[in-house]
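Q: Sharing a structure, written as structure tokens. Questions coming.
The values are calculated or read from the model by the stated rules, or taken from the named source; none is laboratory data. All values derive from a computational prediction rather than experimental measurement. Here the Cβ positions follow ideal geometry from the backbone for every residue, glycine too, while neighbour counts run over all protein chains shown.
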Amino acid sequence: MKENTENLKFLIESVKKGDKNAFNILYKTYFTPLFRYIYLRINSKTETEDLVQEVFLRVLKNINKFEDRNKSPLNYFFTIARNLIIDYWKKKKEISINNEEILKAIHNNFNPHQIIQEKEINEIIKKSIKNLPTDQQEVIILKFINDMTNKEIANLMDRSEEAVRQLQCRALKKLRQTLKELKIL
Amino acid sequence: MKKEKNFERILIKTLELLDEGKTFSQILNDFPKYRKELEEIYKIVELISSQKITPDKKTLENIITTINDKDIVTKEQSVRYLNRRENFKKGRLSSTNNINNLFFMKRNWKIIASIGALTLIAAVIVFVQITKKSDNVNIVSVPEKESIANNETQSTAGKTQSEKEKFAVATGNIDDAASAIINDAVSEISQLEKDINEDTALLSLESEELNGLLQDQYSNENDF
């Protein structure tokens, strides 16, 4: 996801001046990546829509606090989205199921002789991503779903590019192991 | 174990090369020893990428309508924020800045300022009322004083002629002033004459009484 930071900053300045059209352009620019990012983290379409709306509302409320300081507007949107997801899970008080339990559940319903439907694979992939540690989930979604560069991800997560690559590597290795066990690979 | 460690290193390198823009098939050729493992990774990446859901455009439209209805950003706040640097340059106490602040201040300050202004206006009204009252007291006392003065002049009407003349009107004419002085002197002389006559009458009365008293005493002595 290559964004024209300067144009977006200009848009944000216009929003600050009360230009609604500028904000509509910002919505359109960030809607899909935000939707994908949130959807893959919470796996519910309706709740994703609500959270995306909440992200936009919070950005709009705090738009005056957005300072140039070499940070891209993308960071601003995604930081709010990340915080909202954390709040979401805190509210849900979801007890995270460990890897083994998920694998067992998948194994029990899985018949290798059966032709696995594409839908089922998608479901397994989503569950496997969801089962990764939070920072690995984030890196995988931002990199392979939102097509962000490692530099952008590093900026967003406040880590070095090297650290981001390490996280990607560990996440891919874990996914490989899970999918191998499920004989998907 | 060693192969696994090496694979981790190769995987990191692969991700780096992908970032640099190399294709996956090019990378596979670079690491033939790990071809199988890298192909698995490629498959995983493809499976993940296939999860790219495209949200419905209507969802966005709904979100935009809802947010626009809420209308969070107030123009005043934005203008105030945007002008903050300029205001700082001019100085916080500059009159333009103060006027701007008055117009673009936040809602809670608007309430405080309006309450303050109302209190000030009320205080001014009360002050004006109080000063008006005291003026009325003075205004009422003037005619009262005049009436008292009139009464006094009426009661002393007999002897006011000379007193009135005492307070001759100042016309600014020197002849009037001279005649006023002469009149004053004449009235004083007549008053003096009057006093002298009264004194003489009193003295003659006293001498008569004294003569009578002496005669009585004399006749008493003769009786003895």
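Q: Does the range A:80-87 contain any residue that is within 25 Å of residue A:159 (Cα to Cα), modelled with pLDDT of 85 or more and within 13 Å of another protein chain (Cβ to nearest Cβ)?
A: no
Q: I'm trying to understand the selection: among the residues of the range A:157-185, which are among the hydrophobic types (A, V, I, L, M, F, W, C) and either outside any loop (DSSP other than H, G, I, E, B) or facing chain B (nearest Cβ under 10 Å) (or both)?
A: Answer for the range A:157-185, where residues must be among the hydrophobic types (A, V, I, L, M, F, W, C) and either outside any loop (DSSP other than H, G, I, E, B) or facing chain B (nearest Cβ under 10 Å) (or both): A:157, A:163, A:164, A:167, A:169, A:171, A:172, A:175, A:179, A:184, A:185.
Q: Can you tell me how many residues within the range A:136-149 are farther than 18 Å from residue B:44 by Cα and surrounded by 22 or more Cβ atoms within 10 Å (Cβ to Cβ)?
A: Result for the range A:136-149: 0.
Q: Here is a check on your reading of the model: is residue A:77 buried (at least 17 other Cβ atoms within 10 Å of the Cβ), closer than 23 Å to residue A:154 by Cβ and either within 7 Å of chain B (Cβ to nearest Cβ) or at pLDDT 85 or above (or both)? Spell out the reasoning first.
A: Working: buried (at least 17 other Cβ atoms within 10 Å of the Cβ): yes; closer than 23 Å to residue A:154 by Cβ: yes; either within 7 Å of chain B (Cβ to nearest Cβ) or at pLDDT 85 or above (or both): yes.
So residue A:77 fits the description; yes.
Q: Return the only residue of B:59, B:54, B:14 being within 58 Å of the chain's Cα centre (by Cα), modelled with pLDDT of 70 or more and within 30 Å of residue A:153 (Cβ to Cβ).
A: Numbers: B:54 fails: within 58 Å of the chain's Cα centre (by Cα); B:14 fails: within 58 Å of the chain's Cα centre (by Cα).
Every option except B:59 fails the conditions.
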